[in-house]
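Have a look at the structure below, then the notes.
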Amino acid sequence: MTATGTYSPRPGAAPLGRMIAAQAALETRMLLRNGEQLLLTVVIPTLLLVLFSSVDIVDTGEGRAVDFLAPGVLALAVMSTAFTGQAIATGFERRYGVLKRLAASPLPRWGLMTAKTLSVLVTEVLQIALLTAIALALGWSPRGNPLVVLLLLLLGTAAFSGLGLLMAGTLKAEATLAAANLVFLLLLVGGGVVVPLDKFPEAAQSVLGLLPISALSGGLRDVLQHGAGVPWGDLGILAAWAAAGLAAAGRFFRWE
């Protein structure tokens, strides 16, 4: 305290950008230290990529299996982090009152959600770098425009984040844990990640093709495997899921 009766340094909230960055760094450290989250975000996608690329278990069509599998596993990595991992972590934070306390801090609620989104993006960058390195070592030869790939990944992240936050903000933590893992398994099998959609009955293909994981894996596969241009249909599906999920999460998310 100075002679004039003022405090030094002056008390008060830190700049908003610094608060968001600090919270994002904390969220990322917590995510990377969580064994269950690492299993979902790193171990399972890596094992699937190596196993199905090395052993002829699923008929992936013409060409090398890794060329089909790598885009699907990248989509799975986005889903595991943005949807499954975020839903479970946020659900238990809500149950234990962490979100309620953070909401009372100088960091606004939208700032907290921004920090969580940044944490998801940082984690995805690490995932994609690791999985890409492994796929390249297995003989993957990616094609296509990197900017289109980035757009697909960002829209996929937005779509899965909205759905994950919606689940975490409306269900009890235990229900979120069970539902998020169940959805992860169902979409892994029926989302075109390791099993081509054309292996399913024709009536089911039209429905499965509208899922966000199918749009993301299909769009990435069109670009990275076949060198296609902009997959407008897949982008449109992802944009619709992102808009609906984020709007619903903003409307129905309960902080307590």
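Computed values, structure above
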| read-out | value |
| --- | --- |
| Mean ellipticity per residue at 222 nm, deg cm²/dmol - from DSSP H runs of n ≥ 4 across the chain, formula -39500 (n - 2.57) | -22500 deg cm²/dmol |
| Area accessible to solvent at LEU186, 1.4 Å probe radius, in Å² | 110 Å² |
| The chain, accessible area per residue, ligands and nucleic acids excluded (1.4 Å, Å²) | 49 Å² |
| Straight-distance crosslink candidates among aspartates and glutamates, where the alpha carbon sits under 20 Å from LYS172 and sequence neighbours closer than 8 are dropped | GLU36, GLU93, GLU256 |
| Sparse-neighbourhood loop sites, chymotrypsin sites (Phe, Trp or Tyr not before Pro) in the stretch 71-163 - DSSP loop, at most 13 other Cβ within 10 angstrom | TYR96 |
| Mean Cβ count within 10 Å, highest first, over the residues of peptides 58-71, 121-134 | 58-71, 121-134 |
| Candidates VAL42, VAL183, VAL149, ranked by Gaussian network fluctuation over the chain, Cα under 10 Å, top entry | VAL183 |
| Positive-end extreme of charge dipole, the chain - chosen from PRO15, LEU186, VAL42 (charges on Cβ) | PRO15 |
| Cα-based helix-to-principal-axis angle, 109-137 vs the chain, degrees rounded to 10 | 40 degrees |
| Chain lengthening between THR170 and LEU47 when straightened (0.36 nm per residue, less Cα-Cα) | 41.1 nm |
| ARG18 paired with VAL58, simple spin-label distance in nm, labels 7 Å along Cα-to-beta-carbon | 4.8 nm |
| Calculated Rg and Dmax of the Cα atoms in Å (choose from (i) 17.7, 55; (ii) 18.3, 73; (iii) 20.1, 81), label | (iii) |
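The values are calculated or read from the model by the stated rules, or taken from the named source; none is laboratory data. Note that the structure is a prediction, hence the values are computed from the model and not measured. Here Cβ is always computed from backbone atoms with ideal geometry, including for glycine, and neighbour counts include all displayed protein chains. Just the protein is used for accessible areas: all its heavy atoms, side chains included, with ligands, DNA and RNA removed. Shrake-Rupley method; radii C 1.70, N 1.55, O 1.52, S 1.80 Å.
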